[in-house]
1. What residue, among those in the stretch 273-306 that are within 28 Å of the chain's Cα centre (by Cα) and farther than 21 Å from residue 229 by Cβ, is surrounded by the most Cβ atoms within 10 Å (Cβ to Cβ)?
2. Can you find even one residue in the stretch 330-342 that is at positive phi, free of Cβ contacts under 8 Å to residues at least 60 places away in the same chain and surrounded by fewer than 20 Cβ atoms within 10 Å (Cβ to Cβ)?
3. When the residues of the stretch 95-123 are filtered to those that are modelled with pLDDT of 80 or more and part of a loop (DSSP other than H, G, I, E, B), which remaining residue is surrounded by the fewest Cβ atoms within 10 Å (Cβ to Cβ)?
4. Tell me which of these residue 293 doesn't satisfy, since it passes every other one: (1) farther than 15 Å from residue 184 by Cα; (2) modelled with pLDDT of 95 or more.
5. Going by what's in this entry, would residue 198 be described as at pLDDT 85 or above and closer than 30 Å to residue 240 by Cβ?
6. Among the residues of the stretch 307-315, is any in contact with a helix residue (DSSP H, G or I) (Cβ under 7 Å, 6 or more places away or on another chain), buried (at least 17 other Cβ atoms within 10 Å of the Cβ), assigned by TED's automatic domain parsing to the domain that holds residue 182 and more than 17 Å from residue 345 (Cα to Cα)?
7. Which one is farthest from residue 349 (Cα to Cα), of the residues in the stretch 220-231 that are buried (at least 21 other Cβ atoms within 10 Å of the Cβ) and at pLDDT 90 or above?
8. Could you grab the pairs with beta carbons closer than 8 Å, sequence gap of 6+ or different chains, first residue in the stretch 120-149 and within 10 Å of residue 165 (Cα to Cα) and outside the structural domain of residue 164 (by TED's automatic domain parsing), second one modelled with pLDDT under 80 and surrounded by 14 or more Cβ atoms within 10 Å (Cβ to Cβ)?
C-alpha cells in the first residue's frame, strides 16, 4: 500500500509542527479539565506520552532507506506511542498563552544588581579575536592592494595588524528582582476532600506561575494558617493541619504585614499574598482585615487575592473586602466552588488592571 513520506529536508519542520499540535491539544485538555496542578514539575522537564497516533514515515536522502517510526505502517500494526520531554518553562508558556495571562511586572528599584558581560562591541585590541570581522577587513585591504584578484586566479588575502578586530566585553548591570509569596489558610473550617483538592490545585499553579515569572531561585514561598491564632507552618503542614473551631482571620493578615515590613526590603522585593478559606467570619473581623489591607498590605504588595473555597450563605469576607476595593489593581476577591472555576479564578487573580 502507499505510505505518505517526507524527505529529510522537510522532516524537522514537519515533526516540530506535529509535536506543537499535540502539545496544543494536551494543554487545551488540561485547561478544560482545570487540571493545572503539575506537582513537582518545576524541578524537571515534563514527560508527555501521546497515545493512538501513527508516526510519520521519514525518508532520508533521495534514495529512501532508513525510514520511520515503530511498526511497518501496514494494516493491523499497533499504532505507536510517542514520548517526549517538554521543559517546564515551555509548558507554562503554552498555558499562559492559552489563558492570556500577562507577564508579571518586576517592580522595585533593583538595588540588588546582577552583573554580566556581553560581547557587543569590537575594537582593534583585545584578547578574543573575531575571525569573521578580521577576515572581512583583510579581504577589503587585499582587494585595495591588488593581492586578491579572483579574475586572474589570484586569491591571496594578507592579514595585517590593523585589520584585526577583537570582541570587547561590555559590562551590563541588570536589576535582580526577588519575590516573596505569603500563602494564608483558614484551618478552622473543614479542609478535606474536594475543598482541600481545590486549594492544592489553585495554590500549586500559583506557586509554579510565580516561579516561572521570576525564576525559581528568586522566589521565597511562606505558609501561614489561622484559627483563633495565626502561625507560620511548613508547606506540608499547610495542607494537613485542621482544627474545627473558632476563627479570627485578621490575625494572619496582621502577622504577614509585620513579617513583610520587618524582614524584607520593599525596594527590591515583590510581595504576593493569597488567602484561602470559607469566608465565614464573625464580629468585626472582616472590617479589621479591610483596615490591614488598606493601611499596611496594599501599599507594599504587587497582588493580594482572597479566595473563598466553596463559600456558604454565611461567607462575608469577600463581600466586605469588595466594598472597599472595587476593581482594584492590587486586591482581588474570588469564589472557587468547583474544579471548573479554577481557570476563571486564576484569570481574575492575575489579570492586568490599571489603577
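1. Ranking the qualifying residues of the stretch 273-306, first place goes to 304.
2. no
3. Filtering first and then ranking leaves 100.
4. (1)
5. yes
6. no
7. Selected residue: 226.
8. Cβ pairs passing all conditions: none.
The values are calculated or read from the model by the stated rules, or taken from the named source; none is laboratory data. Every value quoted in this text rests on a predicted model; they were computed, and no experiment measured them. Neighbour counts are summed over all protein chains in view; Cβ atoms, including those assigned to glycine, are modelled from backbone coordinates with ideal geometry.
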